[in-house]
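For reference, the structure is listed below as structure tokens.
The values are calculated or read from the model by the stated rules, or taken from the named source; none is laboratory data. Quick caveat: nothing in here was measured; it's all calculated off a predicted structure. Heads up, the Cβs are rebuilt from the backbone with ideal geometry, glycines too, and the neighbour counts pull from every protein chain shown. Keep in mind that these areas ignore ligands, DNA and RNA; they rest on the heavy atoms of the full protein, side chains included. Shrake-Rupley method; radii C 1.70, N 1.55, O 1.52, S 1.80 Å.
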Amino acid sequence: MLVAAAAALLASCGGKRGGQPNFGDDEYPVVTVGTSSSASQTTYPATIKGVQDVEIRPKVAGFITRVNVKEGQTVGAGQVLFVIDNATYQASVRQAQAAVNTAKAQMNTAKLTFENNQKLFEQNIIGDYELSTARNSYETAKASVAQAEAALASARETLSFCYVKSPSSGIIGSLPYKVGAMVSASSTPALTTVSNNSSMEVYFSMSEKDILDMAKTSGTAQAAISAMPTVKLQLADGTIYNHPGKVAKMSGVIDAATGSAQLIAVFPNPERLLKSGGSGAIVVPHDNASAIVVPQACVSEVQDKKFMYTVTKDNKVKFTEIKVAPQNDGNNYVVVEGLNVGDRYVTNGITKLTDGQEIKPITPQRYQEKIKEQAKAMSAGDIVNAMKK
């Protein structure tokens, strides 16, 4: 038990950001950089909206006499949602219809007069002036009929506006107005919202820097969007939505206030689980089959910069700055600059090193063996004293 405790103590001393066990020499564990697969992800706060969210507003003013739907109800295009008091508009239609009847009667009289004058003109009883006058009266009467019919069509259309219909299929949102409420085209809020939620658009924002990096890598912003992997949606309860989505669009303008641009991912919604106006988070995976992955334990941070001790050919360490991907799993970094395949670096005991120091490289396996060997040589008193330190 004492040996196990000593080994654990020495391992912790030479582990993450710790010191080198006192081996009595300059032996440090060194590994050669290789490539491995890495998987990480980035999350972005998101807002969920229907592919088509249509605010329903009346075109005419009046009192609501009937509400034909309920909140959350599925409706089809052209379905009547509300009825507005239409007595005044029905009277306008009847008045317009009477005007059409009057105009037609006057046209018929003018037509008979014109036809009769044509016969009289053929018999040389009347002259050109009388015939032209009758013809003009007939043409004026026909124009009056057309004008009256247009007014009737307008009155009927205005009457139809009293029956507020859904312009598209979708789900009914909230219903802030009840029967008897006075509404108009300028009423706030709208009568309701019809949301087409067969598929949903999820809005999220990325920083200008990230977008520029993507565009430079892919050539254009559109190519970058096409190259983006399938994304996931984390719901408000923390669970992952069971249908993947695809980023489809990106705003062409950077918001000066936030320094970010808006992107839109489209998700299918066959179970109608997603609701317009909901919130969540977009999860963008980052998979790299040939990444340079290093443990965070062998990386030092100085003024927001990251450094590692690399080992030269003559076994001297060099305090080397590296750049890493912004995404990490909490244990490892993916190095994007400053470290190449074939380079060597120190994995443990970095706090004991100085730039340019010559070391004796050993393998990590040999390093662990030496820890155990030293642990066996330690007395119980040594362990207690070490733990006090």
Check your understanding: Which pairs do you get when a residue that is under 9 Å from Tyr367 (Cβ atoms) and modelled with pLDDT under 65, found in the range 19-35, comes within reach of a residue that is of a type in the set (Ser, Thr, Tyr) and loosely packed, with under 15 Cβ neighbours inside 10 Å, reach meaning Cβ atoms under 9 angstrom, with the pair 6+ apart or on two chains?
Key -> none
Point to revise | Every residue from the range 199-218 that is open to solvent by 60 Å² or more (accessible area, probe 1.4 Å) and either of a type in the set (A, V, I, L, M, F, W, C) or at pLDDT below 85 (or both) | key: Lys209, Leu212, Asp213, Lys216, Thr217
Exercise for review: Using the structure shown, decide if Val334 is modelled with pLDDT under 90, surrounded by 14 or more Cβ atoms within 10 Å (Cβ to Cβ) and closer than 18 Å to Ser36 by Cα.
Suggested key: yes
**Study point:** the range 203-214 residues that are within 15 Å of Val284 (Cα to Cα), paired with ones that are open to solvent by less than 50 Å² (accessible area, probe 1.4 Å) and part of a helix (DSSP H, G or I) (beta carbon under 6 Å, 6 or more apart)
**Key:** Met214/Ala224
Point to revise | Thr347 at pLDDT 90 or above, open to solvent by less than 50 Å² (accessible area, probe 1.4 Å), polar (S, T, N, Q) and closer than 11 Å to Tyr309 by Cβ | key: yes
Practice item. Return the pairs, sorted by first residue and then second, in which the second residue is open to solvent by 50 Å² or more (accessible area, probe 1.4 Å) and among the hydrophobic types (A, V, I, L, M, F, W, C), the first residue lies in the range 305-333 and is farther than 25 Å from Ile211 by Cα, the beta carbons are less than 6 Å apart, and the residues are 6+ apart or on different chains. Key: Phe307/Phe319
Check your understanding: Of the residues Ala261, Ala224, which is in a strand (DSSP E or B) and surrounded by 16 or more Cβ atoms within 10 Å (Cβ to Cβ)?
Key -> Ala261
Review point. Do the conditions hold for Ala146, that is, is it crowded, with 18+ Cβ neighbours inside 10 Å and aliphatic (A, V, I, L, M)?
Key: no
Exercise for review: Confirm whether Leu339 is touching a residue at least 24 places away in the same chain (Cβ under 8 Å) and more than 30 Å from Thr74 (Cα to Cα).
Suggested key: yes
Check your understanding: Residues Val164, Val194: which one is crowded, with 17+ Cβ neighbours inside 10 Å, of a type in the set (Val, Ile, Thr) and at pLDDT 95 or above?
Key -> Val164
Check your understanding: Do we find a residue being part of a strand (DSSP E or B) and either within 23 Å of Ser187 (Cα to Cα) or not charged (D, E, K, R) (or both) anywhere in the range 84-102?
Key -> yes
Point to revise | Residue selected from the range 265-291 under the condition open to solvent by 20 Å² or more (accessible area, probe 1.4 Å) and aliphatic (A, V, I, L, M), by the criterion nearest to Ser40 (Cα to Cα) | key: Ala289
Revision key, fill the gap. Of the residues in the range 95-130, those that are open to solvent by 70 Å² or more (accessible area, probe 1.4 Å) and in contact (Cβ under 8 Å) with a residue 40 or more places away in the chain come to Gln95, Thr102, Lys104
Review point. Would you pick out the residues in the range 227-258 that are in a loop (DSSP other than H, G, I, E, B), in contact (Cβ under 8 Å) with a residue 12 or more places away in the chain and open to solvent by less than 70 Å² (accessible area, probe 1.4 Å)?
Key: Met228, Pro229, Tyr241, His243, Ser251, Ile254
Revision key, fill the gap. Going through (1) over 24 Å from Ile282 (Cα atoms); (2) in a helix (DSSP H, G or I); (3) open to solvent by 60 Å² or more (accessible area, probe 1.4 Å) one by one, Lys178 fails only at (2)
Review point. Is it the case that some residue within the range 84-94 is among the aromatic types (Phe, Trp, Tyr), open to solvent by 40 Å² or more (accessible area, probe 1.4 Å) and within 50 Å of the chain's Cα centre (by Cα)?
Key: yes
Check your understanding: Within the range 36-56, how many residues are out of contact with any Ser or Thr (no Cβ under 7 Å at 6 or more places or on another chain) and either without any contact (Cβ under 8 Å) to a residue 12 or more places away in the chain or not aliphatic (A, V, I, L, M) (or both)?
Key -> 8
Revision key, fill the gap. Only one of (1) under 30 Å from Tyr241 (Cβ atoms); (2) exposed (fewer than 12 other Cβ atoms within 10 Å of the Cβ) does not apply to Thr354, and that is (1)
